[in-house]
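The values are calculated or read from the model by the stated rules, or taken from the named source; none is laboratory data. Owing to the predicted nature of the structure, the values given are computational and were not obtained by experimental measurement. Using ideal geometry, Cβ is built from the backbone for each residue, glycine included, and neighbour counts are taken over all protein chains shown.
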């Protein structure tokens, strides 16, 4: 469970997060949606202690992220940011193995090796294990990063736009894998997503933000309404039921 | 190191599995060690005329100085590049070593040569290192702080800072009494041929202590090299590791500069060559590799200098010539990554 208590954050006088309080329950996929600059990524970064909050606090399983020792928290919560340009040249296996760092401190045990292989198999990276990241396509690289985060073995996984740079096929594949992480492995997955329909089709809960504030949160079916989407994105969106799924159509 | 060769090597490496890579790394390190040993043996024994005892003692001292500098430059460069997440900038390119020269010059100007030279060298050194660390902290916070900066802007800044320090040094040294200036020159532009024994011992101890301290950090440095956010996500206290690494860098740069003066491009040369040859990012491999390469470059360069050019040049010219070419090659290659 992630508890966010009246968190605020400003950049140079601009309030990016304005007194946000939110509880993300254990299990399932929660999607953060909102227009550009709504504060989704900032909220995710604060929750993952990549950014300090100006006020308020975030607790993961009861531990304050600002004061809990890094290695302790890194065994409970894993995070992947959007940009992951690295100055070092790694193979897929080396990258994924870094996910075990919070557990083994750089000296991999046989158990760690097994978990690395498992994470690579889960994301279908086996044949690419010994390739360098710069030799992969954008989609393959993205899978490798998510595999590292999964390999960290944490109950909570926070991902900032994991579908960035992915084409339709790979986006669907990625969402299925994340769904599997939530359903089969019991992880709590929190995503920042641009596409409301991805959020609608794959997540259990939606958190909608606008101008640094929480607009609404709740089960996906309750939030996929024309009224709410208009409020969040400032654009008319029709919502249609298609094969049991709610699909928003903004081009009307 | 052409584009073609690089991509070919990349594809060749792709076929290797992790254990095969480890074997190759080990072999590369052994070959480097053997080459360095050969160069050292040649350096000690070539062209000895007269007393062997005397020659070995003289050359041994120079060799010790080179070893200290090689380790200091290699470790400081690799660490600096790790914490700043780039492969082009080095403490020397960012003007650290020239700041060290400026500090000494201003010291002589303000306090007088007599005061400076009679001060315990350990105390003098401590003060210089503290100033250098202060500078490093300011530079790091302002330049590499939160936002990602364009590497070209940083290179430009480094060039501007470096030449500013050099100009200030020149200005101050013109204001200094000529006699004091001679003392200053003695302090600054020592080369491997005239290294003070006491200073050498002090430097060796310092470099050994710092390197031992750095060794504890290695696994965490491997993670820090992935970038700030990833490192924090993996539970590494990023700020603390960066601060400790920069502290080590400041001490090592000060030691190397105090011993033999600025050799701007040596660090860049050995750090990148070590990564390329060993094909890994792991500090436990890169650091020894870079140190060996550094010693090889210095001893080899000195041999070439003595045997081919008959001392008619300086070692820093030879190293900077080769290192400068590598620097330009890296800058040209950078946008592809």
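General remarks:
- Test result for residue A:149, within 12 Å of the chain's Cα centre (by Cα), within 25 Å of residue B:235 (Cβ to Cβ), in contact (Cβ under 8 Å) with a residue 60 or more places away in the chain and in the same structural domain as residue A:248 (by TED's automatic domain parsing): no
- Residue list for the range A:43-56, filter: part of a loop (DSSP other than H, G, I, E, B) and at positive phi: A:49
- Residue A:99 being at positive phi and within 8 Å of another protein chain (Cβ to nearest Cβ): no
- Annotation: residue A:190 fulfils all but one of (1) assigned by TED's automatic domain parsing to the domain that holds residue A:36; (2) in a loop (DSSP other than H, G, I, E, B); (3) under 25 Å from residue B:224 (Cα atoms); the unmet one is (2).
- Residue selected from the range A:102-112 under the condition touching a helix residue (DSSP H, G or I) at 6+ places or on another chain (Cβ under 8 Å) and more than 20 Å from residue B:232 (Cβ to Cβ), by the criterion farthest from the other protein chains (Cβ to nearest Cβ): A:112
- Of the residues B:258, B:290, the single one that is assigned to a helix (DSSP H, G or I) and at pLDDT 80 or above is B:290.
- Among the residues of the range A:149-173, those that are more than 28 Å from residue A:59 (Cα to Cα) and either assigned to a helix (DSSP H, G or I) or in contact with a strand residue (DSSP E or B) (Cβ under 7 Å, 6 or more places away or on another chain) (or both) comprise A:168, A:169, A:170, A:171, A:172, A:173.
- Across the range A:57-88, the qualifying residues are those that are part of a strand (DSSP E or B) and within 10 Å of chain B (Cβ to nearest Cβ), and the one among them that is farthest from residue B:87 (Cα to Cα) is A:77.
- Only one of A:30, A:23 that is away from chain B (no Cβ under 13 Å), without any contact (Cβ under 8 Å) to a residue 24 or more places away in the chain, under 30 Å from residue A:230 (Cβ atoms) and in contact with a strand residue (DSSP E or B) (Cβ under 7 Å, 6 or more places away or on another chain): A:23
Table: residues versus (1) within 14 Å of chain A (Cβ to nearest Cβ); (2) in a loop (DSSP other than H, G, I, E, B); (3) crowded, with 21+ Cβ neighbours inside 10 Å.
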{"position": "B:47", "(1), (2), (3)": "no, yes, no"}
{"position": "B:53", "(1), (2), (3)": "no, no, no"}
{"position": "B:56", "(1), (2), (3)": "no, no, no"}
{"position": "B:64", "(1), (2), (3)": "no, no, no"}
{"position": "B:77", "(1), (2), (3)": "yes, no, yes"}
{"position": "B:86", "(1), (2), (3)": "yes, yes, no"}
{"position": "B:102", "(1), (2), (3)": "no, no, yes"}
{"position": "B:126", "(1), (2), (3)": "no, no, no"}
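- Which listed residue, of A:119, A:144, is surrounded by 17 or more Cβ atoms within 10 Å (Cβ to Cβ), more than 13 Å from chain B (Cβ to nearest Cβ) and under 30 Å from residue B:215 (Cβ atoms): A:119
- Filter pass, residue B:73 being at pLDDT 80 or above, under 30 Å from residue B:36 (Cα atoms), within 14 Å of chain A (Cβ to nearest Cβ) and in contact with a helix residue (DSSP H, G or I) (Cβ under 8 Å, 6 or more places away or on another chain): no
- The range A:28-53, residues that are more than 13 Å from the chain's Cα centre (by Cα) and over 18 Å from residue A:79 (Cβ atoms): A:34, A:35, A:36, A:37, A:38
- Hey, residue B:251 away from every other protein chain (no Cβ under 14 Å), part of a helix (DSSP H, G or I), closer than 24 Å to residue B:117 by Cβ and under 12 Å from the mean Cα position of the chain (by Cα) or not: yes
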